[in-house]
Amino acid sequence: KPAHRRPPQKVSLCSLCDLCSLRVKILVPMQQLELYQVRKPADELRQRRTAALVELLRFAEDWLTAKEIAKRMLLDDRQIRDLAEHASPKIISGDKGYRHTDRATAEEITHFVNRMESQCKRMADRALAVRRYAHARIG
C-alpha cells in the first residue's frame, strides 16, 4: 500500500539562482488562492474613501478643488484622482476641481464628457503611432 503523500504545493520561485529557489521551496510554500476569494484591506480602504468622497461632493454647494478635498480627507492629489476615477460616473472633474454628477449642470457634464472623449482619442492615436513604429522596426 503506497504511503499517503501530500499534493505538491505551488511555490514562489526566484529566478536568480537554484540555491535561492531551494530556500524559497523550503521556507515559503505558497497556496494558490481562488480569484476574488480574499478581499485585500487596501481595496476596502479605497471603497470607504471613495464613498466618503462621493458624500463630500454630494453635499458641496459648488466644485471642490483637490486642495480643499485634500485638507478635509487628508489625501494627496494622486489619491483623489484615483478615488474620483473609481467613483465614476458619480464624480466628474475639470479645471474647477471635482463635483458630484447629480449637482452638475448639463453643460458641465457635457464639457466633462467631451474632454474625456478627446483624451481617449489622443491616447488611441498615440498607441497606434507606437504600434506602427514598432512594427516598422521589429517587423
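The values are calculated or read from the model by the stated rules, or taken from the named source; none is laboratory data. As the structure is a computational prediction, the values presented were derived from the model and not from experiment. Don't worry about glycine lacking a Cβ; one is built from the backbone with ideal geometry, like all the others, and counts go over all protein chains shown. Side chains are part of the model used for accessible areas, which takes the heavy atoms of the whole protein and leaves out ligands, DNA and RNA. Shrake-Rupley method; radii C 1.70, N 1.55, O 1.52, S 1.80 Å.
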>> Let me spell it out: the conditions are (1) open to solvent by 70 Å² or more (accessible area, probe 1.4 Å); (2) of a type outside the set (A, V, I, L, M, F, W, C); (3) touching a residue at least 12 places away in the same chain (Cβ under 8 Å), and Arg122 meets all of them except one. Which number is the exception?
In response: (3)
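Going by what's in this entry, would His135 be described as exposed (fewer than 10 other Cβ atoms within 10 Å of the Cβ), on the phi < 0 side of the Ramachandran plot and either not in a helix (DSSP H, G or I) or not charged (D, E, K, R) (or both)?
Details: exposed (fewer than 10 other Cβ atoms within 10 Å of the Cβ): yes; on the phi < 0 side of the Ramachandran plot: yes; either not in a helix (DSSP H, G or I) or not charged (D, E, K, R) (or both): yes.
So His135 fits the description; yes.
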>> Filter the stretch 54-99 down to the residues that are touching a residue at least 40 places away in the same chain (Cβ under 8 Å) and in a helix (DSSP H, G or I) and list them by number.
In response: Val54, Leu57, Arg58, His86
>> Quick test of your reading of the structure: Ile80 fulfils all but one of (1) under 18 Å from the mean Cα position of the chain (by Cα); (2) under 18 Å from Arg115 (Cα atoms). Name the failing condition by number.
In response: (2)
> Residues of the stretch 58-73 being in contact with a helix residue (DSSP H, G or I) (Cβ under 8 Å, 6 or more places away or on another chain), more than 12 Å from Ala104 (Cα to Cα) and open to solvent by 30 Å² or more (accessible area, probe 1.4 Å), which ones?
Replying inline: Arg72, Met73
